Amino acid sequence: PPSAASAFVHRCGRTARIGQEGNALLLLLPHEETYLEFLSINQQVTLMRMDLDSDIVNMTTKIRKLASRDRQLMEKGIRGFVAFVQSYMKHECSLIFRLKDLDIGGSAMSFGLLRLPRMPELRGKPAPGFEDADVDIDSIRYTSTVMEEARQRKLQRARDAIPVAGKRKRSGPQDEAWSKKKKKVEKKKAADVKRVRLGFLDKKTQSSWKDSE
């Protein structure tokens, strides 16, 4: 569900507009069912339970098979899984939606992932039930001819690139969370603005800083 209960209720309300009726479906894992009580108290909303049929077909294998044939579909699954994990960690009901209680392996399989993405949020966390697909990820092509040709050109440029002799290796963690990297950039820029106002930067540095604006 959305990170804010009010946003969730608002989205449900948009299914019934201008006097029409509408329905919204909320999927919860067993350990997340306390969220129903939270909605009842926090938003004065009562949800009706819907029991699942026992003969539901497992679509995981079919989804992964489709992803192994379409790179764009594979990438959508990865982006969806990454966004899901990150939003799970930032949910306002952090006592209910805890990453340590999440079935990471099952969730990754449900998104049709062929490999688990490298994420700082998942470092050291087990993913029971997930198995890497027996497929060469690099060989998966885009169904779009234009997108595939662009990918091949990019791969060719990478193969043709000549390493720069004596290039210094980047220091610091290489798999730092994206959000932290963004905050560092914004913090550094704010500090540069302050230094420019106080006249602490020399003219050459100020000029290069303005050019990057």
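The values are calculated or read from the model by the stated rules, or taken from the named source; none is laboratory data. Keep in mind that this is a model prediction, so the values were computed, not measured. For neighbour counting, all protein chains shown are included, and Cβ atoms are generated from backbone atoms with ideal geometry for every residue, glycine included. Please note that ligands, DNA and RNA were not included when accessible areas were found on the heavy atoms of the full protein model with its side chains. Shrake-Rupley method; radii C 1.70, N 1.55, O 1.52, S 1.80 Å.
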Of the residues in the stretch 138-151 that are free of Cβ contacts under 8 Å to residues at least 60 places away in the same chain and surrounded by 11 or more Cβ atoms within 10 Å (Cβ to Cβ), the one that is farthest from the chain's Cα centre (by Cα) is E149
Output the residues belonging to the stretch 84-128 that are open to solvent by 30 Å² or more (accessible area, probe 1.4 Å), over 22 Å from Q72 (Cα atoms) and not in a helix (DSSP H, G or I).
K90, E92, S94, L95, R98, D103, R123, G124, K125, P126, P128
Scanning the stretch 14-35 for residues that are open to solvent by less than 100 Å² (accessible area, probe 1.4 Å) and either modelled with pLDDT under 90 or among the charged types (D, E, K, R) (or both) gives T15, A16, G19, G22, A24, L26, L28, L29, H31, E32, E33
Only one of L73, L99 is within 30 Å of A5 (Cβ to Cβ) and out of contact with any strand residue (DSSP E or B) (no Cβ under 8 Å at 6 or more places or on another chain); which?
L99
So if I check each of R49, R11, which one is open to solvent by 90 Å² or more (accessible area, probe 1.4 Å), within 30 Å of E75 (Cβ to Cβ) and free of Cβ contacts under 8 Å to residues at least 60 places away in the same chain?
R11
Of all residues in the stretch 175-188, which are in contact with a helix residue (DSSP H, G or I) (Cβ under 9 Å, 6 or more places away or on another chain) and either in a helix (DSSP H, G or I) or at pLDDT 75 or above (or both)?
W178, S179, K180
All positions within the stretch 59-78 that are of a type in the set (D, E) and either surrounded by 14 or more Cβ atoms within 10 Å (Cβ to Cβ) or in contact with a His (Cβ under 6 Å, 6 or more places away or on another chain) (or both)
D70
Give me a count of the residues in the stretch 52-76 that are within 21 Å of G106 (Cα to Cα) and either in a helix (DSSP H, G or I) or touching a residue at least 24 places away in the same chain (Cβ under 8 Å) (or both).
13
